[in-house]
Amino acid sequence: MLEFCRPNPGVNMYEENDDILGDVTSSEYKYGFVTDIESDDAPKGLNEDIIRFISAKKKEPEWLLEWRLKAYRHWLTMEEPKWPNVQYPAINYQDVIYYSAPKQKVAPNSLDEIDPELRKTFEKLGISLQEQKRLTGVAVDAVIDSVSIATTFKEELAELGIIFCSMSEAVREHPELVRKYIGSVVPPTDNYFSALNSAVFTDGSFCFIPAGVRCPMELSTYFRINAANTGQFERTLIVAEAGSYVSYLEGCTAPMRDENQLHAAVVEIVAMEKAEVKYSTVQNWYPGDKDGHGGIYNFVTKRGICQGDYSKISWTQVETGSSITWKYPSVILKGDYSNGEFYSVAVTNNMQQADTGTKMIHIGKHTRSRIVSKGISAGRSNNSYRGLVQVGRNATKARNFSQCDSLLLGDKCGAHTFPYIEVKNNTAVVEHEATTSKIGEDQIFYCNQRGMDTETAVALIINGFAKEVMNQLPMEFAVEAQKLLAISLEGSVG
Amino acid sequence: MLKITDLHAGIEEKKILKGINLQIKAGEVHAIMGPNGSGKSTLASVLAGRESFEVTGGSVEFLGKDLLDMAPEDRAREGMFLAFQYPVEIPGVSTTNFIKTAVNETRKYRGQEPLDAVAFLKLMKERMKLVQIDQSLLSRSLNEGFSGGEKKRNEIFQMAMLEPKLAILDETDSGLDIDALRIVANGVNQLRSKDNAFLVVTHYQRLLEYIVPDFVHVLYNGRIVKSGTKELALELEEKGYDFIKNEILVAEQA
């Protein structure tokens, strides 16, 4: 295991982006509003009755209730992980509301019947639920608190045999698929938060791409926590059959509140032979105020399995929100010649803490993985990369390349790298490179001298630093993500 | 355009500029020469507003405004440009993107609309010719892996794009071979007009053969000790800086 510094990251060519940085104006968390809408809540606390309540609300089959209860009973025997490099007061799991659904007078039959308040909420977030506005070419599943309120483009996708719907609907309409795959990549017993999620998950997205189909548009889920004292526990399942392709994006925001709110999601991806799944996240949960009050605890388990030969799973994440982030989107490379990628930009400012990275588990022969992690820390924040590259006994000629770069703004923040490498096959090639740098006064002065103020200069420099990852995002979201990076770091220099 | 009066500045406890007086009018090219450590680059940095230098006395007026009161970015937006002796690298930011941001930030300050992609590209193509800079260089990360000559050409290219009122060239000739020097000087000469001015800081007379100055000043020990026309540069080249030092010594003894 070697870690060494490179003098310069390589020169890369890329498309020019238009004046993305020009209109960064406000350092406020602009998604911090609350929608005033009545909701249908479960009582606070967690016990078997609450789980029965959730299952009943969703009219779930018996097997799923049993599955939940089994997960819950296992969870009771587990302990919260203490190894992440983050600190927070003990969470009182009995003080959380596990189910909260916006009350809608009648179940909407079409998108036009959605409560106007909810529709407005999503419009304010820049998400249009109206299919007429199809210019963006993105299908959206909108989840607020515990339930999915709308999924767009369902019919168009159905014509191709693609199933894209909320998890609740999938349980009702496609129980055999859900039963086959749920928990197959992230078993309920996997870890403390996946067990909790399995017991109480309320909604999320389900996506099935049949063999040989290339999904013609981006699929996306937009998660929004609205109600107070509520946890969000969604579950996303993506199954890509042989030779299919899908690009998927999730976005998340939450109101500004003084309390900490828990978000413990599970995402599972299954890629069959020659299938490709690209999963992108722009995570902008409320990060808390500058003194560390409030914000989301983002404890998420994301894992994909390259089940078939020549399959590919690629994770791209831009993590700017949450007071604490604990997440390691991983790939199990089971099929021969399968390929896993992880591209990450994690920004922490003020009192935010992030412990994030990936696991690449090489099982099949000639499997390849690539990790590019860019950590940016500012304020008094702490940013850790934690990654595992594991090459099994039979993974002949497996290859991994990891690159972890950290950028520091100011001198009160921390950047840490915890790379773990376990290799059991001597034909494997594993490379790890890491750099740590600070934004130099020289760089800022140079930009100032060209007429840019310091905030613009910092935004330009960090976007340059993160470019390699940002380039992986679907075009529609890259611009938003760049703005987000700039906004997240406003006020951190000078 | 620029009026420097009794300017004192230093870094931490060290005094470097000890009373500089200089006036530059529109249409003029001034050269500042002097031995190493005389304060040439400090003067350039102080005018551009580099924070590590502290101004301890005197005043600077730029286009009728108090220059020392302005933030570095405002000085730039008002029309002051510094071609850096050591241009910095910014990984991941293409030169094109960098200049576009610079141009549009400056336009915003002046109450102009930002240039759209088409207008910007047109301007860029036109100015690229001035310094014979290649498109491929401009799509690479700013100054990263550029040769010394490419970096300096890039500085002059940026100057051409930003159209400053007063351009300060800080040892732009250092590290340039004769061909690159000619290209850079040629670019500067094409940008000279009756409305702008140049302050050329250099160690050698060589650059002044190509960029012919109206005035030459010799900076020594934090002061301008001698001013003259372009012939002064030739005299310096011939006799070396010792001749100035001796002259001062004689004057002080007298």
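The values are calculated or read from the model by the stated rules, or taken from the named source; none is laboratory data. The structure presented is a predicted model; accordingly, all values stated were derived computationally and were not measured. All Cβ positions, glycine included, derive from the backbone under ideal geometry; neighbour counts span all protein chains shown.
Listed values, structure above:
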| quantity | calculated |
| --- | --- |
| Residue list for the range A:362-378, filter: farther than 16 Å from A:Asn471 by Cβ, in contact (Cβ under 8 Å) with a residue 40 or more places away in the chain and either hydroxyl-bearing (Ser, Thr, Tyr) or part of a strand (DSSP E or B) (or both) | A:His362, A:Thr367, A:Gly375, A:Ile376 |
| A:Ile324 being touching a His at 6+ places or on another chain (Cβ under 8 Å), crowded, with 23+ Cβ neighbours inside 10 Å and touching a residue at least 24 places away in the same chain (Cβ under 8 Å) | no |
| Residues that are within 15 Å of A:Tyr222 (Cβ to Cβ) and of a type in the set (A, V, I, L, M), drawn from the range A:275-289 | A:Val282 |
| Checking B:Ile156 against (1) touching a residue at least 60 places away in the same chain (Cβ under 8 Å); (2) within 13 Å of another protein chain (Cβ to nearest Cβ); (3) in contact with a strand residue (DSSP E or B) (Cβ under 9 Å, 6 or more places away or on another chain), the condition it does not meet | (2) |
| Of all residues making up the range B:127-172, the number that are touching a Lys or Arg at 6+ places or on another chain (Cβ under 7 Å) and either part of a loop (DSSP other than H, G, I, E, B) or modelled with pLDDT under 90 (or both) | 4 |
| Residue list for the range B:10-35, restricted to those being within 17 Å of the chain's Cα centre (by Cα) and assigned to a loop (DSSP other than H, G, I, E, B) | B:Lys25, B:Ala26, B:Gly27, B:Glu28, B:Gly34 |
| Residue under evaluation B:Leu123, criteria (1) within 13 Å of chain A (Cβ to nearest Cβ); (2) in contact (Cβ under 8 Å) with a residue 24 or more places away in the chain, criterion not met | (1) |
| Restricting the range B:140-153 to residues that are away from every other protein chain (no Cβ under 13 Å) and surrounded by fewer than 23 Cβ atoms within 10 Å (Cβ to Cβ), the residue that is farthest from the chain's Cα centre (by Cα) | B:Ser147 |
| Count of residues meeting criterion [out of contact with any helix residue (DSSP H, G or I) (no Cβ under 8 Å at 6 or more places or on another chain) and of a type outside the set (Lys, Arg)] in the range A:176-196 | 8 |
| Options B:Ser174, B:Ser94; residue that is at negative phi, surrounded by fewer than 18 Cβ atoms within 10 Å (Cβ to Cβ), out of contact with any strand residue (DSSP E or B) (no Cβ under 6 Å at 6 or more places or on another chain) and touching a residue at least 12 places away in the same chain (Cβ under 8 Å) | B:Ser174 |
| Residue within the range B:104-112 that is under 12 Å from A:Cys447 (Cα atoms) and at the interface with another protein chain (Cβ under 7 Å from one of its Cβ atoms) present | yes |
| Condition met for A:Lys312 (of a type in the set (D, E, K, R), modelled with pLDDT of 85 or more and over 27 Å from A:Asn382 (Cα atoms)) | yes |
| The range A:411-465: number of residues that are within 13 Å of another protein chain (Cβ to nearest Cβ), surrounded by fewer than 17 Cβ atoms within 10 Å (Cβ to Cβ) and either part of a loop (DSSP other than H, G, I, E, B) or among the aromatic types (Phe, Trp, Tyr) (or both) | 1 |
| Lone qualifier among B:Leu137, B:Leu68 - being touching a helix residue (DSSP H, G or I) at 6+ places or on another chain (Cβ under 8 Å), surrounded by fewer than 21 Cβ atoms within 10 Å (Cβ to Cβ) and either within 12 Å of chain A (Cβ to nearest Cβ) or of a type outside the set (Val, Ile, Thr) (or both) | B:Leu137 |
| A:Asp405 being within 14 Å of chain B (Cβ to nearest Cβ), surrounded by fewer than 22 Cβ atoms within 10 Å (Cβ to Cβ) and at pLDDT 90 or above | no |
| Residue list for the range A:191-214, filter: more than 21 Å from A:Tyr248 (Cβ to Cβ) and assigned to a loop (DSSP other than H, G, I, E, B) | A:Asn191 |
| Residue match in the range B:193-208 (condition: assigned to a helix (DSSP H, G or I) and among the basic types (Lys, Arg)) | yes |
| Qualifying residue in the range A:385-402 (condition: touching a Gly at 6+ places or on another chain (Cβ under 9 Å), part of a helix (DSSP H, G or I), touching a residue at least 60 places away in the same chain (Cβ under 8 Å) and surrounded by 17 or more Cβ atoms within 10 Å (Cβ to Cβ)) | no |
